[in-house]
Structure formats: structure tokens, C-alpha cells
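Note sheet for the following structure.
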Amino acid sequence: MREAKISRKTKETDIELTLCLDGGEVSVDTGIGFFDHMLTALFFYAGFGAVLKVRGDLEVDGHHTVEDTGIAIGQAIKAAYGDKKGIVRFAHKYVPMDEALCFTALDFSGREFHVFNAPMPQEIIGEYDSCLTEEFMRALAFNAGITLHQRCEYGSNAHHITEALFKSMGLAMKEALRVEGNAVVSTKGVLV
């Protein structure tokens, strides 16, 4: 099984995560209801098992909780996929959510990069600042070693846009981390 456990404690957050790329139970508790909903969708569509508990300084705001969760999930993914032998590596997916259509393309290359083009029409979704979606995606990409491109083709509801971004990333991860053999998928013979 491709698994990893991450414990990350700072003055701003305390995170415990067990992640399995090959499935299992999903339990998410970050203290931010909408973020829990998005992470549950991400793990479900990626086919991951994940038990995540986060305690953050929500009395300040959600920024540290969301960004640090992205860091921990990225670290866990990177640890779980190991040497990358046999993974498909590249994937892309579109997801429609009512009036919104969003796209994710990614590469588990080991070269972290993030391009995000998804303006949010509303600033707040429940108790979640919609600008934090970009912060989460960047933190995850840079800590997992992913080249990640995301965009919203169109949409007028920040909830739908955010949900389509999380789901499209989950679906793309599921495809890219699928094992098809024993070779590293690279013309160089290695993935950095």
C-alpha cells in the first residue's frame, strides 16, 4: 500500500494526517465546514483514504489552517508515491458544477509549479474565504512536487467554482497516480 503519516505542529496549526493513495476511510476535521466538504470531495474523487485532523488558529482566520493543510497533504502524497515507478504521471480533467466549468491539468514530475486562473465572484463561502482555494492548491502542489494548472472556464458561484476545482484535481490525481507497469515515465529515465 502506498501510505504516509504526517504530523505537523507549528505555533499556528497542529495537523495529524494518515493518507493512503490506494483507498480507505475518509474522515476530515479542520474546524472549517466548507473546507472539510472540499477535502472530503478531493479524497473521494482521488480514490484516497485519509484521516485528517487539524487544529488551527481560527480565531485569527482560516488562512494558516488551509495553507498548512495543503502543505501536509502535499508532503503525504509525495511520501506515499515514493520513487514514482509505474505511475501514469500526467492527467487532466474537467468538472462541471451547475453553471461553473473548471479544469485541472497536472504532472507528478517532481518540479513544483502552480498556475491558477479562477476568479471567485464571492469573497466568502460559509466561514471559508474563497481566496484560500489558491493558497491551498499552491501549498499542496509545491509540497507534493506537482506541476499544477487550474482554471475556471466560466462560473458565477464561488461555491460551485471551488468545488469543481477540488473535484477536478481529485479526478486528475486518481488518473496520474494510477500504476501501469514498473518504469519511470520520463524520456530522461528519472523524475526529479
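List of remarks:
- Selection status of residue 182, surrounded by fewer than 22 Cβ atoms within 10 Å (Cβ to Cβ), modelled with pLDDT of 95 or more and at negative phi: no
- Scope the stretch 121-134; condition exposed (fewer than 14 other Cβ atoms within 10 Å of the Cβ) and aliphatic (A, V, I, L, M); matching residues: 124
- In a residue-by-residue description of the stretch 106-117, the property of being small (Gly, Ala, Ser) and at pLDDT 95 or above applies to no position.
- Residue check: residue 137 meets all listed conditions (1) farther than 23 Å from residue 33 by Cβ; (2) surrounded by 23 or more Cβ atoms within 10 Å (Cβ to Cβ); (3) out of contact with any Ser or Thr (no Cβ under 8 Å at 6 or more places or on another chain) but one, namely (1).
- Pairs linking a residue in the stretch 73-87 that is over 11 Å from residue 21 (Cβ atoms) and among the aliphatic types (A, V, I, L, M) to a residue that is surrounded by fewer than 16 Cβ atoms within 10 Å (Cβ to Cβ) and at pLDDT 95 or above, with Cβ atoms under 8 Å and 6 or more positions apart or on different chains, do not occur.
- Unmet requirement for residue 81, which otherwise passes all of (1) modelled with pLDDT of 95 or more; (2) within 21 Å of residue 172 (Cβ to Cβ); (3) among the aromatic types (Phe, Trp, Tyr): (1)
- Every residue from the stretch 19-59 that is in contact with a Lys or Arg (Cβ under 6 Å, 6 or more places away or on another chain) and in contact (Cβ under 8 Å) with a residue 40 or more places away in the chain: 21, 41, 45, 46, 47
- Meets criteria (farther than 21 Å from residue 180 by Cα and surrounded by 17 or more Cβ atoms within 10 Å (Cβ to Cβ)) for residue 147: no
- Search result, residues across the stretch 128-175 that are in contact (Cβ under 8 Å) with a residue 60 or more places away in the chain and of a type in the set (Lys, Arg): 138, 167, 174
- Entry remark, the stretch 103-155: residues being under 28 Å from residue 57 (Cβ atoms) and among the basic types (Lys, Arg) number 1 in total.
- Positions within the stretch 128-154 being among the aliphatic types (A, V, I, L, M) and part of a strand (DSSP E or B), in sequence order: 148
- The single condition from (1) more than 25 Å from residue 24 (Cβ to Cβ); (2) out of contact with any Lys or Arg (no Cβ under 8 Å at 6 or more places or on another chain); (3) surrounded by 21 or more Cβ atoms within 10 Å (Cβ to Cβ); (4) not charged (D, E, K, R) that residue 118 fails is (2).
- Looking only at the stretch 151-168, and only at residues there that are polar (S, T, N, Q) and closer than 19 Å to residue 40 by Cα, the one that is surrounded by the most Cβ atoms within 10 Å (Cβ to Cβ): 162
The values are calculated or read from the model by the stated rules, or taken from the named source; none is laboratory data. This structure is a prediction, so every number in the text was calculated from the model and none was measured. As a convention, Cβ positions derive from the backbone with ideal geometry for all residues, glycine included, and neighbour counts pool all protein chains shown.
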